[in-house]
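*Asks:* Have a look at the structure that comes next, please.
The values are calculated or read from the model by the stated rules, or taken from the named source; none is laboratory data. Just so you know, these numbers come straight off a predicted model, no measurement behind them. Ideal geometry is used to build each Cβ from the backbone, glycine not excepted, and the neighbour counts take in all protein chains shown.
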Amino acid sequence: MGLFAWVRGYYLEQVMPGYWFFLNFYLMELTVKNIFLAFIWSFVAGICLAAPYVHAETGVDIEEIYDVDTEPATESMTVDVTRTNEGVVVVTPDGRRVLLRNDHTWEVIEGRQGDPSTSAIISVANITELRNACKIGLRLENRLGYSIKSLIPSFSVYTGDGLLFETVSKSFSSIKPTRDQYRQIQFIGITCDKIGHVRVHGADHCSMGQMDKFNEAEGECLSHIYVQASDLVKITK
């Protein structure tokens, strides 16, 4: 009994305290690790959930950040449509008359020409191929029977696919009857061989004869211009 009591006392006083110490330390270590892992996972989850709003500013739609497709802006406009035996003729907002044929093809219709003997005749005198541009020399001959004080037609150049590339205007002034005047226009960014055609239009607010900017009707100045066909570049009215 004495030996048993001594062993029991030694165990309780020497062994058990150390055992409980290491057990408590181990449990504490597990608890700290679990808390740390829980914190890391919570932090990562928070970043993933908040990512879509990280770069969003006040008043900025989140759809703009992600470039979400929205309904494109549209513009309403009225165009003149005339039905013919070939199809329909549509007048575009820039004044072009386009024939939409029944066979699903289309063509830009040239403007109506007057009598060349009683018109201001525009003709192509020359073309100059530049490095990244095309220069066109124009001659305006006055066959109206009265002086041209001021006439400013517009010239639109189109690509071979029929796309409008650029529009420039050129002023002709102080041309007496039977006389002519030479001017040059230049289209930058397109070479001469890439030009499909040049269209002459505008010319409003001219001053010649009894027409001036105060009394001429829309299109009246243009109606007195005759565009002569050219082998150098296609030019129409």
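*Asks:* Spot the failing condition for Cys221; the list is (1) in a loop (DSSP other than H, G, I, E, B); (2) in contact (Cβ under 8 Å) with a residue 12 or more places away in the chain, and only one is missed.
*Replies:* Going through (1) in a loop (DSSP other than H, G, I, E, B); (2) in contact (Cβ under 8 Å) with a residue 12 or more places away in the chain one by one, Cys221 breaks only (1).
*Asks:* Take the range 176-198 and flag every residue that is over 22 Å from the mean Cα position of the chain (by Cα) and part of a strand (DSSP E or B).
*Replies:* Answer for the range 176-198, where residues must be over 22 Å from the mean Cα position of the chain (by Cα) and part of a strand (DSSP E or B): Asp180, Gln181, Tyr182, Arg183, Gln184, Ile185, Gln186.
*Asks:* Also, I was wondering about something else. Kindly indicate which of Gly202, Gly209 is of a type outside the set (A, V, I, L, M, F, W, C) and out of contact with any strand residue (DSSP E or B) (no Cβ under 6 Å at 6 or more places or on another chain).
*Replies:* Gly209
*Asks:* Return only the number of the condition from (1) farther than 15 Å from His224 by Cβ; (2) in contact (Cβ under 8 Å) with a residue 24 or more places away in the chain that Thr167 does not satisfy.
*Replies:* It is condition (2) that Thr167 fails.
*Asks:* Buried (at least 17 other Cβ atoms within 10 Å of the Cβ) and of a type in the set (Lys, Arg): which single residue out of Arg131, Arg179, Arg139, Arg199 fits that description?
*Replies:* Arg199
*Asks:* Is it the case that the range 146-156 has a residue that's assigned to a loop (DSSP other than H, G, I, E, B), in the same structural domain as Ala125 (by TED's automatic domain parsing), surrounded by 15 or more Cβ atoms within 10 Å (Cβ to Cβ) and not β-branched (Val, Ile, Thr)?
*Replies:* Yes, some residue in the range 146-156 is assigned to a loop (DSSP other than H, G, I, E, B), in the same structural domain as Ala125 (by TED's automatic domain parsing), surrounded by 15 or more Cβ atoms within 10 Å (Cβ to Cβ) and not β-branched (Val, Ile, Thr).
*Asks:* Now, a different point. With among the β-branched types (Val, Ile, Thr), in contact (Cβ under 8 Å) with a residue 40 or more places away in the chain and under 15 Å from Cys221 (Cα atoms) as the only criterion, which of Ile148, Ile195, Ile190 stands out?
*Replies:* The match here is Ile148.
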